[in-house]
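Below you'll find the structure, written out as structure tokens, and then a few comments.
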Amino acid sequence: MEHTVDAEHHGGGTKEVIKVTIILSVLTVIELALGFAMMGMENGGLRLAIKGAIVILMLAKAFYIVGYFMHLKHEVKNLIMTIVVPLLLFVWFITAFLYEGNSFKHLKNTYDPYKKELSTKKAEKKEETKEIKAEEKKKAVE
Amino acid sequence: MSTTTTAVPEKLWSGGKSPFKVEYGKLMMWYFLMSDAFTFGAFLIAYGTTRFATNGWPNPNEVFRSYPFASENANAPLVFVSIMTFILIISSVTMVLAVQAGQQMNKNKVVINLILTILGGAAFLSCQAWEWNHLFHEGAWWGRNPFLNADGTQSTTNFTNFFFTITGFHGFHVFSGVIINIIMLIMTLTDKFEKRGHYLMIEKAGLYWHFVDLVWVFVFTCFYLI
């Protein structure tokens, strides 16, 4: 990243704010476009790839907010390290817990066929909620 | 990468001054925000774990598809939430401008930008209040889930529990942020910072406000997009 004279003194200036605002907006628009593109898509490799792309864009947005809006990029390296290094624990948290969740699902589906059967049965909740709504309306009228 | 031009690293630790080159309160705000990041992270990871451990999950595009003044059968997924996202980004920008105005000791500019930030926060909270109200009237609440999974199977209440808990916790942060900003506005208007000779307090409030925006980036992605 190149920095201007302004950035070296205060780290900022209105120019940088405008630049970061535009970057954040563009990233958000791309995220939304990917979200729209993903709609109605079958579960599969492409869908997963788009989700991955959205996560990467999310991390880029986080970088710009923390680095420029919260000014961390212009702080002393010591300070950056005390904040960023502990957050690296998240890498392990996310990996371990998601792996655990996935493993739990597979074990349940393998050893608890009843549960598996239940989770593949089509529900008829829609009508039920309509009935509840109709009842509520009746009550409201009374 | 590093912007240190005059300070040699060893001199930072030779005593007599902060090796972090920031004021004590600001450093502590950073550590508080780091701990808060772990709290939000724990919530979101719990949500992710549950989602990975569950066979089906509701499609967010079917659940969050309405907006204020829409007809009952409105189908506009992602529209309302993207408005909320932009409101928060813009309010974050006005907060940066308030912080910069504070560094220039420009009281009027601080006041204007703080008011804009507070309005942005209030607008976001209003949007969230509308959305919660809308979902509640669709039958969703803690322990109640009227939505089906994407494949038409029965869904669990985990979906609504996590949604209301996490967006609620974030909304509570926005609410506290708005209160803090109102206090900052009052302190600016009563010349508290002019008398102190610096607007460092605004910088700390700004850090908190940006953190709220940061958390929304993650919440928005995890609940509405993927």
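The values are calculated or read from the model by the stated rules, or taken from the named source; none is laboratory data. Everything numeric in this text was worked out from a predicted model, so none of it was measured. A quick note on method: Cβ atoms are made from the backbone with ideal geometry, for glycine too, and the neighbour counts reach across all protein chains shown. Surface accessibility is based on the protein's heavy atoms, side chains included, excluding ligands, DNA and RNA. Shrake-Rupley method; radii C 1.70, N 1.55, O 1.52, S 1.80 Å.
Averaged per residue, the protein assembly as shown has 53 square angstrom of accessible surface, using a 1.4 angstrom probe with ligands and nucleic acids left out. Inter-chain neighbour count for B:81-94: the average number of beta-carbon atoms from partner chains within 10 Å of each residue's beta-carbon is 3. For B:Phe163, what charge total do you get from the other residues with a beta carbon under 13 Å from its beta carbon, if Lys and Arg give +1 and Asp and Glu give -1? Around B:Phe163, the surrounding residues sum to 0.
Here the stretch B:80-158 is treated as a sphere whose radius is the Kirkwood value from Cα pairs; by Stokes-Einstein at 10 °C and 1.306 mPa s it diffuses with a coefficient of 105 µm²/s.
Based on the Kirkwood radius over alpha-carbon pairs, what is the Stokes-Einstein translational diffusion coefficient of the protein assembly as shown at 25 °C with 0.890 mPa s viscosity, in µm²/s? After rounding, the answer is 108 µm²/s. Entry note: chain B has Rg to Rh equal to 1.07, where both radii use alpha-carbon atoms and Rh is the Kirkwood radius.
Remark: spin-label model distance A:Leu118-A:Leu46 equals 3.6 nm, labels positioned 7 Å along the Cα→Cβ axis. Each chain gives up part of its surface: A and B jointly bury about 5300 Å² of accessible area, both sides summed, for a 1.4 Å probe. Computed over neighbours whose Cβ is under 13 Å from that of B:Ser66, the net charge equals -3, Lys and Arg +1, Asp and Glu -1. From helices alone, chain B scores -23000 deg cm²/dmol at 222 nm; the rule is -39500 (n - 2.57) for each run of n ≥ 4 DSSP H residues, then divide by the residue total.
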